[in-house]
1. Within the stretch 206-243, how many residues are in contact with a strand residue (DSSP E or B) (Cβ under 6 Å, 6 or more places away or on another chain), of a type in the set (A, V, I, L, M) and buried (at least 24 other Cβ atoms within 10 Å of the Cβ)?
2. Tell me the residue from Arg158, Arg162, Arg142 that is out of contact with any helix residue (DSSP H, G or I) (no Cβ under 8 Å at 6 or more places or on another chain) and open to solvent by 60 Å² or more (accessible area, probe 1.4 Å), please.
3. Modelled with pLDDT of 95 or more, within 21 Å of Val274 (Cβ to Cβ) and not in a helix (DSSP H, G or I) - does that describe any residue in the stretch 388-398?
4. Of the residues Gly249, Gly220, Gly212, which is more than 17 Å from the chain's Cα centre (by Cα), on the phi > 0 side of the Ramachandran plot and either within 15 Å of the ligand (Cβ to nearest atom) or among the small types (Gly, Ala, Ser) (or both)?
5. Answer yes or no: is there a residue in the stretch 352-370 that is at pLDDT below 95, open to solvent by less than 40 Å² (accessible area, probe 1.4 Å) and within 15 Å of the ligand (Cβ to nearest atom).
6. Checking Ala168 against (1) in contact (Cβ under 8 Å) with a residue 24 or more places away in the chain; (2) touching a Lys or Arg at 6+ places or on another chain (Cβ under 8 Å), which single condition isn't satisfied?
7. Only one of Gly152, Gly144, Gly116 is within 23 Å of the chain's Cα centre (by Cα) and not aromatic (Phe, Trp, Tyr); which?
8. Any idea which of Arg190, Arg199 is in a helix (DSSP H, G or I), open to solvent by 10 Å² or more (accessible area, probe 1.4 Å) and closer than 23 Å to Leu261 by Cα?
Amino acid sequence: MDSILVHGGAPLSGQIPIAGAKNACLALMPATLLSEEPLTLTNAPRLSDIATMSLLLESLGVEVQAMAGGRVLAMSSHGLASTRADYDIVRKMRASNLVLGPLLAREHTAVVSLPGGCAIGARPMDIHIEALTAMGAEIELRDGYLHAVAKGGLKGARVPLRFASVGATENTLMAATLAKGTTVIENAAREPEIVDLARCLRRMGAQIEGEGTSTVTIEGVDRLSGATHPVVTDRIELGTYMLAPVIAGGEVECLGGRLDLVAAFVDKLHEAGVEVEETASSLIVRRNGDRPRAVDVVTAPFPGFPTDLQAQMMAMLSTADGESRLEERIFENRFMHAPELVRMGARIEVHGGTAHVTGVDRLRGAPVMATDLRASVSLILAGLAAEGETLVNRVYHLDRGYEELEKKLSAVGARVERVRAE
Ligand code: EPZ
């Protein structure tokens, strides 16, 4: 297992290109199942999760061609070989459950493994099941798999979600495009990745209104055509790299950054005394001189503060001036980065879903363990400002969501290198 070695202390300066969004691409790829014609995605990120989703789609009979070094994904599913998503793939990546809605819509049947828990929580699928059942699907849990059937196809329905689940909104949205009649999703998730998926489906001929709001209305159609669609910018990668100069000092321009994707996050940076400038095609973050101020953060569904930036924000607050309070309201166990940051000298006390952080002048480098995707990158960010060396182990977590991280950070002056396992 590779590790990442960070030598702390260098202020940063330069440009970081932001890639296409992992969490948009993982929802856009299963959309190919909805049409017999080719769906081509451009600006796709080169990540191991995308490779995993490609493997899953190929196991269903989809042809996936990665071109331009993986930036372009040309997919076609004129004939499906299977409607079963196996446990060995789904357990590695929960987003595999996003084939459930499209398979039900197209084939009226699907067998999808329950993902099982992961480091940050139990990750159940009750909201997905409730929504698709409201549309006429019969779904039964047997031997760890969801066995779903929609006799005569799915029917449009009113689908109130008890929680604005991103994945459940995506499964329902895709399923509704081919259902008979009108579907109204209430309390829908509003994330930019949902908006991006709706735009792609509309390009394929779907009739959708209201994406990005809490109520999304879909008129089912008989069939969808192919399309070519650019994956939206990754707002979580963007926020992650915006924090690098805040922690290490200096100025970084994030190419492709858009304020509307990270508004709640930038509000918190402003509150912390950090300067963020928006240009026509980027966001520039600069912190010269004094430390950022402590701020309180509560994670919430979009447009609130994103849970996927909570760990990275904790790394920044560990060296901010004052006491901060971080409340994680989306996942039940998403503070595993805290004890690792404490090993680096951070002062953090976790009580249930709340972490109290008292900023310290300097962290000290140490060997630390990555436990999940966003925790691993928060440790690297912490290492940028720490005295001495920080060795982050198990970086396979990192490769799921960050393309060429060490290259992007080295290009702005950070001393970061990958240590290959023998
Ligand atoms: C998506 O996961 C993202 N993943 C996550 O990013 C992100 O943290 C999450 O949305 C919240 O923004 C992808 O898009 C591939 P949810 P998803 O359904 O869809 C509970 C990353 O780091 N819930 O909105 O699984 C669930 O347990 C990853 O890139 C149910 O109880 O998130 C969680 O507590 C991590 N029943 C909360 O809702 C359900 O049926 C939010 O889950 C579904 C969800």
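1. So the answer is 5.
2. On the way: Arg158 fails: out of contact with any helix residue (DSSP H, G or I) (no Cβ under 8 Å at 6 or more places or on another chain); Arg162 fails: out of contact with any helix residue (DSSP H, G or I) (no Cβ under 8 Å at 6 or more places or on another chain).
Result: Arg142 is the single residue among Arg158, Arg162, Arg142 that is out of contact with any helix residue (DSSP H, G or I) (no Cβ under 8 Å at 6 or more places or on another chain) and open to solvent by 60 Å² or more (accessible area, probe 1.4 Å).
3. Scanning the stretch 388-398, I find no residue that is modelled with pLDDT of 95 or more, within 21 Å of Val274 (Cβ to Cβ) and not in a helix (DSSP H, G or I), so the answer is no.
4. Sole residue among the options that is more than 17 Å from the chain's Cα centre (by Cα), on the phi > 0 side of the Ramachandran plot and either within 15 Å of the ligand (Cβ to nearest atom) or among the small types (Gly, Ala, Ser) (or both): Gly249.
5. Among the residues of the stretch 352-370, at least one is at pLDDT below 95, open to solvent by less than 40 Å² (accessible area, probe 1.4 Å) and within 15 Å of the ligand (Cβ to nearest atom), which makes the answer yes.
6. Every listed condition holds for Ala168 apart from (2).
7. Values: Gly152 fails: within 23 Å of the chain's Cα centre (by Cα); Gly144 fails: within 23 Å of the chain's Cα centre (by Cα).
The conditions single out Gly116.
8. Values: Arg190 fails: in a helix (DSSP H, G or I).
Of Arg190, Arg199, the one residue that is in a helix (DSSP H, G or I), open to solvent by 10 Å² or more (accessible area, probe 1.4 Å) and closer than 23 Å to Leu261 by Cα is Arg199.
The values are calculated or read from the model by the stated rules, or taken from the named source; none is laboratory data. Please read all numbers here as calculations on a predicted model, not as lab measurements. All Cβ positions, even for glycine, are placed from backbone atoms using ideal geometry, and neighbour counts span all protein chains on display. Areas reflect the complete protein model, heavy atoms only, side chains present, ligands, DNA and RNA absent. Shrake-Rupley method; radii C 1.70, N 1.55, O 1.52, S 1.80 Å.
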